Each structure stands twice: as C-alpha cells, then as structure tokens.
C-alpha cells in the first residue's frame with residue numbers, strides 16, 4: 001500500500017558530539033560508524049537499561065518543508081544517517097516503541113521482553129512529553145552491521161555527498177593502489193537518490209540495498225535536498 005505517511009525503511013540519524021546540530025561533528029560520527037562496520041546501541045532513556053539501536057520510520061517527505069529540513073523535527077538530530085529496510089529490522093526483532101504513561105511503563109518494569117519498547121508520553125503537557133512525531137523503532141541489540149548490502153547513507157545535500165565521495169575514494173584508492181592514482185579517485189560511478197525526485201512514488205524508499213561492484217561506488221547515497 002502506498003501511503004504518504006508510510007515508507008518501507010527506517011533511518012538512524014546521527015548527532016554531533018557537543019552541539020546536536022553540529023554538522024561537521026555529526027558527519028565525522030557517521031564516517032566512524034561506516035569505518036567500524038557496525039552501529040552500536042545505547043541505553044539512554046530506555047527502561048530496564050537495555051542497549052538498543054533506535055530509528056525513525058517518519059518518511060523524509062514528512063520531515064521537510066518545501067525542500068528544506070524542518071527545524072522542529074531536527075532539533076535533536078542532524079540530517080546525516082543510515083537507512084535500513086524495515087522488514088529486515090523487524091525480522092531481527094526490531095519493533096515500534098510503545099508511547100504510554102510512565103505509570104503504565106512501570107507495570108512492565110521487570111518484563112524484559114517488552115519494557116525496552118516503552119517511551120513516556122503525555123499529550124496534556126503541552127508538548128513537553130510528546131515524542132510521537134519521531135515514530136521511533138528500536139531493536140534490542142548491542143550492535144547491528146553496517147555495510148552497502150543492507151544500508152543506504154543519508155546526507156543533508158549534494159555538497160556533503162560530494163565531499164563524502166571524494167574522501168571515501170581517496171582512502172579507497174590509497175589503500176588499494178598505494179596512492180599511485182591520485183587523479184582517478186572520482187571515476188567510480190555513484191548512485192545518488194534525491195528524495196524530491198520521488199515525492200509522488202515510493203520508488204526511492206522501496207529500494208532495499210545494493211550489491212557492491214568494484215567498478216562502482218559501493219554505497220547508495222540519499223540526498224535530502226537541504227537548501
């Protein structure tokens with residue numbers, strides 16, 4: 001079913017080290033995750049102290065306003081991230097969170113099968129305890145893999161994408177060819193998806209992954225078209 005408020009994928013957005021909207025720091029964090037080959041879970045604000053990897057299922061089209069990122073949605077995150085197929089996450093135990101009161105969550109305090117899914121919610125607090133816009137998913141794992149076969153990379157705009165391609169290719173050729181081909185680092189063709197190109201279809205969001213080809217850039221890159 002094609003729905004405006006629904007997509008087939010989940011995105012884990014990265015933060016900066018000091019300031020949540022520090023793009024440079026968030027970009028470096030994304031590169032560290034890619035280089036490590038794994039996305040580690042965290043325990044922050046999760047009942048029972050479980051370690052989980054968190055995502056949003058909100059379609060990017062719902063997080064933008066006329067092609068620009070809506071600051072009210074990105075007040076805690078930057079538009080750098082990793083996109084996974086929702087069905088793959090679900091098969092591996094990932095689930096949408098349960099938005100509920102703290103009192104109801106406490107009833108499940110010792111139920112380790114479900115307590116990690118609870119997020120406190122109270123619509124009567126004038127938005128102070130309402131994170132439902134995040135449409136959060138969690139998977140209770142210490143870490144999950146990051147590789148081009150199952151992940152697409154998300155960037156704010158084409159400038160950040162071009163920078164990533166250039167840095168990635170210089171490193172790739174430096175390791176593979178002992179720095180003998182400084183002029184050819186940009187020759188591998190990269191697949192770039194622009195969200196605004198697909199606003200009337202789900203074609204972009206239904207792409208699950210890619211099989212790395214040594215003749216092509218290994219990652220599918222998503223341009224969120226931030227102006």
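The values are calculated or read from the model by the stated rules, or taken from the named source; none is laboratory data. All values derive from a computational prediction rather than experimental measurement. Reconstructed Cβ throughout: ideal geometry from the backbone, glycine too, with neighbour counts over all protein chains shown.
Listed conditions (1) closer than 26 Å to residue 23 by Cα; (2) at pLDDT below 90; (3) surrounded by fewer than 19 Cβ atoms within 10 Å (Cβ to Cβ); (4) touching a strand residue (DSSP E or B) at 6+ places or on another chain (Cβ under 7 Å) are all met by residue 216, apart from (1). For residue 196, the requirement of being outside any strand (DSSP E or B), more than 23 Å from residue 23 (Cβ to Cβ) and modelled with pLDDT under 75 is not met. Of everything listed in (1) more than 26 Å from residue 92 (Cβ to Cβ); (2) crowded, with 18+ Cβ neighbours inside 10 Å; (3) at pLDDT below 55, the single unmet condition for residue 207 is (1). A search for C-beta distances below 9 Å between a residue of the range 115-134 that is at pLDDT below 80 and any residue that is assigned to a loop (DSSP other than H, G, I, E, B), counting only pairs 6+ apart in sequence or on different chains, returns 128/122.
What tally of residues in the range 16-50 results from selecting those that are assigned to a helix (DSSP H, G or I) and touching a helix residue (DSSP H, G or I) at 6+ places or on another chain (Cβ under 6 Å)?
Of the range 16-50, the ones assigned to a helix (DSSP H, G or I) are 23-36, 47-49.
Narrowing further to those that are touching a helix residue (DSSP H, G or I) at 6+ places or on another chain (Cβ under 6 Å): 47-48.
Number of matching residues: 2.
Taking the conditions (1) surrounded by 15 or more Cβ atoms within 10 Å (Cβ to Cβ); (2) touching a strand residue (DSSP E or B) at 6+ places or on another chain (Cβ under 6 Å) in turn, residue 115 satisfies each one other than (2).
Against the condition over 19 Å from residue 86 (Cα atoms), modelled with pLDDT of 60 or more and part of a loop (DSSP other than H, G, I, E, B), how does residue 162 come out, does it pass?
On the way: over 19 Å from residue 86 (Cα atoms): yes; modelled with pLDDT of 60 or more: yes; part of a loop (DSSP other than H, G, I, E, B): no.
Criteria not met by residue 162.
Can you name every residue in the range 68-94 that is modelled with pLDDT under 90 and surrounded by 13 or more Cβ atoms within 10 Å (Cβ to Cβ)?
Kept after step one, since they are modelled with pLDDT under 90, are these residues of the range 68-94: 68-79.
Listed by number, the residues that qualify are 69, 73, 74, 77, 78, 79.
All of (1) touching a strand residue (DSSP E or B) at 6+ places or on another chain (Cβ under 9 Å); (2) buried (at least 17 other Cβ atoms within 10 Å of the Cβ); (3) at pLDDT below 85; (4) outside any loop (DSSP other than H, G, I, E, B) hold for residue 172 with one exception: (2).
The residue pairs whose first member lies in the range 36-62 and is on the phi > 0 side of the Ramachandran plot, whose second member is in a strand (DSSP E or B), and whose beta carbons are closer than 8 Å, counting only pairs six or more residues apart or on different chains, are 37/145; 45/119.
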